[in-house]
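Below: one structure, written as structure tokens.
The values are calculated or read from the model by the stated rules, or taken from the named source; none is laboratory data. Quick caveat, the model's predicted, so the values are computed rather than measured. Note: ideal-geometry Cβ built from the backbone for every residue, glycine included; neighbour counts use all protein chains shown. Remember, those area values only see protein heavy atoms, side chains included, never the ligands or the DNA or RNA. Shrake-Rupley method; radii C 1.70, N 1.55, O 1.52, S 1.80 Å.
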Amino acid sequence: MFRDKESFKQAFQERLESFYGKSLTETTQLERYSTLANMVREHVSTDWIQTNRLYKKTGAKKVYYISMEFLMGRLLRSYLIHLGIYDLCAEGLEDLGISLRALEEEERDPGLGSGGLGRLAADFLDSMAALKLPGHAYGIRYRNGLFEQKIVDGYQVEVPDYWLQEGYDWEVRRFDRSVEVHFGGKVWMEKVRGRLFFHHEGYESVLAVPYYVPIVGYRNKIVNTLRLWSAESIFKEFNINALSERDYTRMMDYKRSTEAISGFLYPADSTLSGKILRIKQQYFLVSASLQDLIKRYKRMGGDLRRLPEKIAIHINDTHPSLAIPEMMRILMDEEGFGWEEAWNLTVQTFSYTNHTILAEALEKWPIDMIQKLLPRIYMIIHEINERFCQDLWKKHPGDWDRIHQMAVEADGQVKMAHLAIVGSHSVNGVSEIHTDILKEKVMNLFYQETPQKFNNKTNGISHRRWLLTANPRLSRLISEQIGGGWIENPLGLNRLLDVLDNCSFLDELQKVKRKNKEELSSYVKRKYGIPIDPASIFDAHIKRIHAYKRQLLNILHVFYLYLRLKEEPNREMVPHTFLFAGKAAPNYYYAKAIIKLIHSVADLVNRDPTVKDRLKVIFLENYGVTLAERIIPAADVSEQISTASQEASGTGNMKFMMNGAITIGTLDGANVEILEAVGEENLFLFGLKAEEVLEYYARGGYQARELYRKDDRIPMVLEPLVSGFFHSGYEEFHALYHSLITDNDPFFVLKDFDSYVSAHERLEKAYLDRDRWNRMSLIQIAQSGRFSSDGTIRKYADEIWEIRSIEESGQIDQPTRSDS
Ligand code: 26Y
């Protein structure tokens, strides 16, 4: 199909016309996209089968990455590039009068995630395939992804994201691989010849049907698998032909409740039923995944006593940590292992990544709920806790407080992070500073017990997606200068340092950025009717909207710049376009108020003729992977301004850096390592340090009101929030105001305001010196190779999972069987 241009054209046209029964010219863009995607999926199927054979033949150790989120983004362009057939397809389609770029726009982003954690999972899959690592993944095929964000009168409105409406061309339904997951019911014990047997009865069964999505390696014929579970009903207990009305109602209730399990990503868990659904989702994911992977292992003749030698299971944050008791259940109840042996196997198999220190995200579930929904799993959790606490007691007799703080079950709740730590052999943070905070503060007691478990794996990003695929102009320029070696070895990007003083290269770099900015400008014009000037500084703050990420600090600064221009209309100012994008969780009132404020300031600024194009504020709706791919290549400035200590790592910071944007940021998360890579003169640092913030949290001593009195600029930007200056948003802006003043500014927005203003002043000055700026930009790109997720994944593979690339893995030690 993809041998040469002519055969591709012929195959494409034939399929398109025969499938849709129309002539080429009558087909829609979507039909064309879909045909091409299906051709690509079929094309990779041979490599897909071969990859599985190869893994089987070598008996290589595998990793299974379990995550509630996968933000895959669009796949067509990325896969065509990975397969080395992008140009062939583009040219072939062009001959047929079709633009491949336009077809790419037809692909819908599966919104199966909410933020960095989900995109990290996708970049990790990309790297595992590129590095020929036997790594597969499990997730949930939510029928509705994260909501689609619409802005109405400056307010976020959530619209359901039914992404499957037109089908998803990359997935293959594998009903033959379905498994059953059980909820509720009763467990009774029986002692036979001294051994305890557990019987689970009266449960409700849900069918987990997997959909396979291929993960295509970069020009290496490796295709790994992402398996997404869909929850379906099993009607075997109902006699459809003779249903009484009561049974019919019961059946429909059952159908509704099972299908709800994979209905939505993060159903609101403020209500009881929402919490139940979340727990059900989590158990559904891990039970289906573990049953599946154990089945596969046994089918290959694997010996469960050697499980940790052959399989590593990674849990992405605590959301899948019920996998730990589920593994115990399978090993003990189904496979007949005793507690000690099952526990050792489990701990040796599991590893866990922590992505946050925010209390709100450290999951805790009510014991009675788990007990009711998952009676056998609860018994196991209880036993894990008993044994863990007994061990602690032996080491620290009488230290009730310590044991209480560390227990897996306490105060009527199961603490998922504690379960994950106790049940894993490795616990990692996602940046150096974050890991230090885990070790020294948040998880210090656990670190004291088992220091060897704790390690750092600084996040990374796929340079194939975030540079090669998302920024073709820059990729071409780089390859023309230093060759294409950086694609296989991203550290090779540092060869760009050789041209740091090459003016014509720096000019070219500036031209590429300018082109990308023009492209984004026309997108903004098309979508929002607002012209933005590609000569202005494009300053981007794009991520989930959250108090700690401090979009509020950014917008208050913009408002300050505006008010200053009003006071001094002829003031010289480098034209500046502030770009925002991000979703607020539907029940997160405060974050929604920030979105409203951004819009109110944008309206004010964008319409005011005094500003004379020196200032523009744009909020781009419905942030997601595809929108990030549009914005990042066009950005000059990357806003990474979280309250120090609160951002575990950030990965947007790395994506911007790789595309030549300069960071304005706090010493938080991976910003610290970016600073290390580029040097202090190539980054605009400001604000409190993490230790200072943590010190304030521990001991107090910060008075927001004092700043309000001392620094005129603060009332200048805050008073209008409550004075009726803005025509709408009255309640929202009062809430923001009070969080800063009455609640003493828990995220230190006002405390960092002054130093943020000066960082921006330094930045503006630097931008005026074009040579200096271009050099700074080049340094970002040149040093970004260390943030490739390939490097990160190599470390996970070597230090946590102990898996090797398929080329290096040992001799054949398993019989070959056909399997997929
Ligand atoms: C509790 C539940 C509702 C929940 C759902 C999603 C909790 C957390 C999350 C998502 C967290 C997330 O995306 N965290 C981000 O992970 C990135 C990858 O490690 C980090 O770079 C980033 O700092 C962190 O905020």
On full extension of the chain, what length is gained from VAL152 through PHE175, given 0.36 nm per residue of separation minus the C-alpha to C-alpha distance?
-> 4.1 nm
Projecting the Cα atoms of LEU373, LEU290, ILE384 onto the charge dipole of the chain, where Lys and Arg contribute +1 and Asp and Glu -1 at Cβ, the residue farthest towards the positive end is LEU290
If only Cα atoms are counted, what is the Rg of the range 463-787, and what is its Dmax, in Å?
-> 19.4, 59
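Given +1 on the Cβ of Lys and Arg, -1 on the Cβ of Asp and Glu, and no further charges, what dipole in debye does the range 330-387 carry about its Cα centre, rounded to the nearest 20?
Working: 4 positive and 10 negative charges, 43 e Å.
That gives a dipole near 200 debye.
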Calculate the spin-label point distance for LYS221 paired with THR249, positioning each point 7 Å from the Cα along the beta-carbon direction, and give it in nanometres.
-> 6.2
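How large is the charge dipole for the range 463-787, taken about the Cα centre, if only the Cβ atoms of Lys, Arg (+1) and Asp, Glu (-1) carry charge, to the nearest 20 debye? Walk me through the numbers on the way to the answer.
Numbers: 42 positive and 43 negative charges, 207 e Å.
With Lys and Arg at +1 and Asp and Glu at -1, about 1000 debye.
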Each residue of the range 721-733 in order: what ³J(HN,Hα) in whole Hz does its phi give by Karplus 6.51 cos²θ - 1.76 cosθ + 1.60, θ = phi - 60°, with x for Gly and Pro?
-> 5, 10, 9, x, 4, 8, 6, 9, x, 3, 5, 4, 6
What list of ³J(HN,Hα) couplings, whole Hz, do you get for the range 469-479 from phi and the Karplus terms 6.51, -1.76, 1.60, once you set θ to phi - 60° and write x for glycine and proline?
-> 8, 7, 10, x, 5, 5, 4, 4, 4, 4, 5
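Report the FRET efficiency, 1/(1 + (r/R0)^6), for ARG256 and ARG794, where r is their Cβ-Cβ distance and R0 is 51 Å, rounded to 0.05.
Values: r = 46 Å, r/R0 = 0.89.
Result of the calculation: an efficiency of 0.65.
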Enumerate the calculated ³J(HN,Hα) couplings along the range 158-163 in order (Karplus 6.51 cos²θ - 1.76 cosθ + 1.60, θ = phi - 60°), each rounded to whole Hz, writing x wherever the residue is Gly or Pro.
-> 9, 10, x, 9, 8, 6
Ranking by accessible area, most exposed first, for HIS404, HIS200 with a 1.4 Å probe = HIS404, HIS200
Roughly how much of LYS513 is accessible, in Å² to the nearest 10, using a 1.4 Å probe?
-> 30
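Over all directions, how big on average is the projection of the convex hull of the alpha-carbon atoms in the chain, in square nanometres?
38.5
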Give the accessible area for ARG329 in Å² (nearest 10); use a 1.4 Å probe, count only protein heavy atoms, and leave out ligands, DNA and RNA.
-> 40
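R0 = 35 Å: FRET efficiency of GLU17 with ILE49, Cβ-based, nearest 0.05?
Values: r = 28 Å, r/R0 = 0.81.
Approximately 0.80, to the nearest 0.05.
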At 7 Å along the Cα-to-beta-carbon direction for both GLN481 and TYR528, put a label point, then send me their distance in nm to one decimal.
-> 3.1
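Excluding ligands, DNA and RNA, what is the solvent-accessible area per residue of the chain at a probe of 1.4 Å, expressed in Å²?
On the way: 32300 Å² over 820 residues.
On a per-residue basis, the chain sits at 39 Å².
Sorted by mean Cβ packing within 10 Å, highest first, what order do the peptides 790-797, 186-193, 381-388, 448-455 take?
On the way: 790-797: 21.4, 186-193: 9.4, 381-388: 18.6, 448-455: 14.6.
Top of the packing list down: 790-797, 381-388, 448-455, 186-193.
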Identify, among ALA129, VAL722, PRO534, the residue whose Cα sits farthest towards the positive end of the charge dipole of the chain, taking +1 on the Cβ of Lys and Arg and -1 on the Cβ of Asp and Glu, with the dipole about the Cα centre.
-> ALA129
Determine the percent antiparallel among the DSSP beta bridges restricted to the chain, to the nearest 5.
-> 45
Positive dipole terminus of the chain, leading residue within VAL206, VAL617, VAL159 (C-beta point charges) | VAL206
Any chance you could look up the accessible area of ILE311 with a 1.4 Å probe, heavy atoms only, rounded to 10 Å²?
-> 10
Just by accessible area at a 1.4 angstrom probe, what is the order of TRP365, TRP339 from largest to smallest?
-> TRP339, TRP365
Quick one: length gained pulling LYS511 to GLU764 fully straight, 0.36 nm per residue minus the C-alpha distance?
-> 89.1 nm
For ASP712 paired with ARG3, estimate the spin-label separation in nm (one decimal), with each label point 7 Å from Cα along the Cα-to-Cβ line.
-> 7.9
Under 5 Å between amide H atoms, partner at least 5 residues away or on a different chain: which partners does ASN144 have, H built in plane at 1.01 Å?
-> PHE264, LEU265
If the label point is 7 Å along Cα→Cβ of GLN405, which residues in the range 672-708 have backbone nitrogen under 16 Å from it?
-> 695, 698-699
Accessible surface of the range 611-672 [probe 1.4 Å, protein heavy atoms]: carbon and sulfur percent = 48
Contour minus Cα-Cα span, GLU518 to GLU488, at 0.36 nm per residue, comes to 7.8 nm
At most 14 other Cβ within 10 Å, DSSP loop - chymotrypsin sites (Phe, Trp or Tyr not before Pro), the range 485-545 = none
FRET efficiency for GLU802 and ALA359, Cβ-Cβ distance as r, R0 = 25 Å, nearest 0.05?
-> 0.15
